[in-house]
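Novice: Here it is, the structure in full.
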């Protein structure tokens, strides 16, 4: 359950200590009950709790920890730190309401209820360590019910059955479901809806370039081509399409980015390399005035609201396009590229979808100060960068250019053309 919280867009929670997927106990706190032993748990205070806290809204906040080393609660004996639920893009809806959304709106961070079965589905793939928003915000007693318990007492409970599914077994939920459910679940796995009726391979099917029709892909579509998993960014016209590696190449620094990009490009399948269009990438990328203190943001870490001002003209012009005088190569997106692609209809409609696959952070090609000591990055969810967020998808300038981390690194992009 959740309620209003001033100044925040998503609540914080304490992750479960129970990591045994065969143990049906989860994380019930306060009046919640996860199991009943004997005749207990009938008074709302006895047994059946499996998690710390009092179960009320806003009990946990940023920076809170709980040490379970004594084994008080079921699961591993470690200390956990509070994490944040994902921001909800829209209110829960029925699958009928979902079908009336535009295709670019149908995949995202929100709940869809199949009214024929009662199952509720989160409308995008959850990365490890992420948690959905609350399906229920409140249970309110109506006047009609109050009249029935006049001079009496009541206790209201909601039974929840959580059946978490992986992309590989989602078809188990199709029998008895709505006729639109199969297309919906396929769209979740592809991170994009229907490709306008074409038969592009599903995201997990490794396929040669000739099997794809990029002209029909929607931004944000995930696909696997010649051994690499990509995210489709945009149709650039004239048969040109921008794509990006879905996951960052971890443990690689900003300073090593040119060599990492070159090595990755040279290791691509020959047919893929043959489609790559020439680009001209400035080295270093322009940074005049592009300092954190001089930019204004709304919301924080999304896109700057004053990027159009004259002092940012050179940096704003660093948008990657085909340049026949350039070189066929892999490149890192610029600060300006990220701003350009961060729209409701683009591949980065939310903070979370700007983070790379499997919750990895990634470098842009844009330094964040004149001497190139720091660079602009897209953060991942384990970075607490702002009081009201866990940092996922934040466009941030504070990572040192020589830093390496198992949590992220270089994220190569390409412009391809199948007519080459």
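Novice: Residue 94: more than 15 Å from residue 12 (Cβ to Cβ), under 25 Å from the mean Cα position of the chain (by Cα) and surrounded by fewer than 19 Cβ atoms within 10 Å (Cβ to Cβ), yes or no?
Specialist: Details: more than 15 Å from residue 12 (Cβ to Cβ): yes; under 25 Å from the mean Cα position of the chain (by Cα): yes; surrounded by fewer than 19 Cβ atoms within 10 Å (Cβ to Cβ): yes.
Considered against the rule, which asks whether it is more than 15 Å from residue 12 (Cβ to Cβ), under 25 Å from the mean Cα position of the chain (by Cα) and surrounded by fewer than 19 Cβ atoms within 10 Å (Cβ to Cβ), residue 94 comes out as yes.
Novice: Filter the range 107-123 down to residues that are in a loop (DSSP other than H, G, I, E, B) and touching a helix residue (DSSP H, G or I) at 6+ places or on another chain (Cβ under 6 Å) and give me whichever is nearest to residue 167 (Cα to Cα).
Specialist: 107
Novice: If you don't mind, there's one more thing I want to ask. Read through the list (1) loosely packed, with under 15 Cβ neighbours inside 10 Å; (2) more than 16 Å from residue 170 (Cβ to Cβ); (3) at pLDDT below 95, then give the number of the only condition that residue 108 fails.
Specialist: Of the numbered conditions (1) loosely packed, with under 15 Cβ neighbours inside 10 Å; (2) more than 16 Å from residue 170 (Cβ to Cβ); (3) at pLDDT below 95, the odd one out for residue 108 is (1).
Novice: Across the range 182-195, what is the number of residues that are touching a helix residue (DSSP H, G or I) at 6+ places or on another chain (Cβ under 7 Å), within 14 Å of residue 119 (Cα to Cα) and surrounded by fewer than 21 Cβ atoms within 10 Å (Cβ to Cβ)?
Specialist: Step one: of the range 182-195, the residues touching a helix residue (DSSP H, G or I) at 6+ places or on another chain (Cβ under 7 Å) are 184-185, 189, 193-195.
Still in the running and within 14 Å of residue 119 (Cα to Cα): 184-185.
Restricting the remaining residues to those that are surrounded by fewer than 21 Cβ atoms within 10 Å (Cβ to Cβ) gives 185.
Result for the range 182-195: 1.
Novice: Let me ask another. From the set of residues in the range 84-100 that are in contact with a helix residue (DSSP H, G or I) (Cβ under 9 Å, 6 or more places away or on another chain) and either assigned to a loop (DSSP other than H, G, I, E, B) or at pLDDT below 90 (or both), which is nearest to residue 63 (Cα to Cα)?
Specialist: Here the residue is 86.
Novice: Okay, next question. So which of 3, 38, 75, 71 ends up being surrounded by fewer than 16 Cβ atoms within 10 Å (Cβ to Cβ) and at pLDDT 85 or above? Before you say what the answer is, go through the steps one by one.
Specialist: Numbers: 3 fails: at pLDDT 85 or above; 38 fails: at pLDDT 85 or above; 75 fails: surrounded by fewer than 16 Cβ atoms within 10 Å (Cβ to Cβ).
Checking each option against the conditions leaves just 71.
Novice: Of the residues in the range 293-321, how many are outside any loop (DSSP other than H, G, I, E, B) and more than 26 Å from the chain's Cα centre (by Cα)?
Specialist: Here is the first cut: in the range 293-321, the residues outside any loop (DSSP other than H, G, I, E, B) are 293-294, 297, 304, 310-316.
From what is left, the residues that are more than 26 Å from the chain's Cα centre (by Cα) are 293-294, 310-315.
Total meeting the criteria: 8.
Novice: Okay, moving on. Kindly provide the set of residues from the range 211-250 that are part of a helix (DSSP H, G or I) and either surrounded by 16 or more Cβ atoms within 10 Å (Cβ to Cβ) or at pLDDT 95 or above (or both), ordered by number. Break it down into steps so the answer makes sense when it comes.
Specialist: Looking only at the range 211-250, we keep the residues that are part of a helix (DSSP H, G or I), and these are 211, 214-216.
If the condition is that a residue be part of a helix (DSSP H, G or I) and either surrounded by 16 or more Cβ atoms within 10 Å (Cβ to Cβ) or at pLDDT 95 or above (or both), then 214 is the only one that fits.
Novice: Given the options 285, 293, name the one that is at pLDDT below 95 and surrounded by fewer than 15 Cβ atoms within 10 Å (Cβ to Cβ).
Specialist: Only one candidate passes the filter, namely 293.
Novice: Further, regarding this structure: Scan 215, 211, 256 and give me the residue that is over 30 Å from residue 187 (Cβ atoms) and more than 24 Å from the chain's Cα centre (by Cα).
Specialist: Step by step, each of 215, 211, 256 is checked, and only 256 is over 30 Å from residue 187 (Cβ atoms) and more than 24 Å from the chain's Cα centre (by Cα).
Novice: Oh, and also: Tell me which of these residue 200 doesn't satisfy, since it passes every other one: (1) over 23 Å from residue 343 (Cβ atoms); (2) modelled with pLDDT under 90.
Specialist: Here residue 200 clears every test but (1).
Novice: Next up: Can you tell me which residue within the range 198-209, out of those that are exposed (fewer than 14 other Cβ atoms within 10 Å of the Cβ) and touching a helix residue (DSSP H, G or I) at 6+ places or on another chain (Cβ under 8 Å), is farthest from residue 118 (Cα to Cα)?
Specialist: 208
Residue-wise test of (1) in contact with a strand residue (DSSP E or B) (Cβ under 9 Å, 6 or more places away or on another chain); (2) outside any strand (DSSP E or B); (3) surrounded by fewer than 22 Cβ atoms within 10 Å (Cβ to Cβ).
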{"position": "323", "(1), (2), (3)": "yes, yes, yes"}
{"position": "338", "(1), (2), (3)": "yes, yes, yes"}
{"position": "343", "(1), (2), (3)": "no, yes, yes"}
{"position": "346", "(1), (2), (3)": "yes, yes, yes"}
{"position": "349", "(1), (2), (3)": "no, yes, yes"}
{"position": "365", "(1), (2), (3)": "yes, no, no"}
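Novice: Give me the residue from the range 367-397 that is assigned to a strand (DSSP E or B) and more than 21 Å from the chain's Cα centre (by Cα) and, out of that set, modelled with the lowest pLDDT.
Specialist: Per the criteria, the residue is 374.
Novice: Something else about it: Taking residue 135, is it modelled with pLDDT of 90 or more and within 21 Å of residue 97 (Cα to Cα)? It would help to see each step written out before you state the result.
Specialist: On the way: modelled with pLDDT of 90 or more: no; within 21 Å of residue 97 (Cα to Cα): yes.
For residue 135, the condition - modelled with pLDDT of 90 or more and within 21 Å of residue 97 (Cα to Cα) - is not met.
Novice: Now a separate question. In this structure, does residue 262 turn out to be without any contact (Cβ under 8 Å) to a residue 24 or more places away in the chain, surrounded by fewer than 19 Cβ atoms within 10 Å (Cβ to Cβ) and farther than 24 Å from residue 343 by Cβ?
Specialist: Values: without any contact (Cβ under 8 Å) to a residue 24 or more places away in the chain: no; surrounded by fewer than 19 Cβ atoms within 10 Å (Cβ to Cβ): yes; farther than 24 Å from residue 343 by Cβ: yes.
The answer is no for residue 262.
The values are calculated or read from the model by the stated rules, or taken from the named source; none is laboratory data. What you see is a predicted model; the values in this text were computed from it and never measured. No Cβ is skipped: glycine too gets one built from the backbone with ideal geometry, and neighbour counts run over all protein chains shown.
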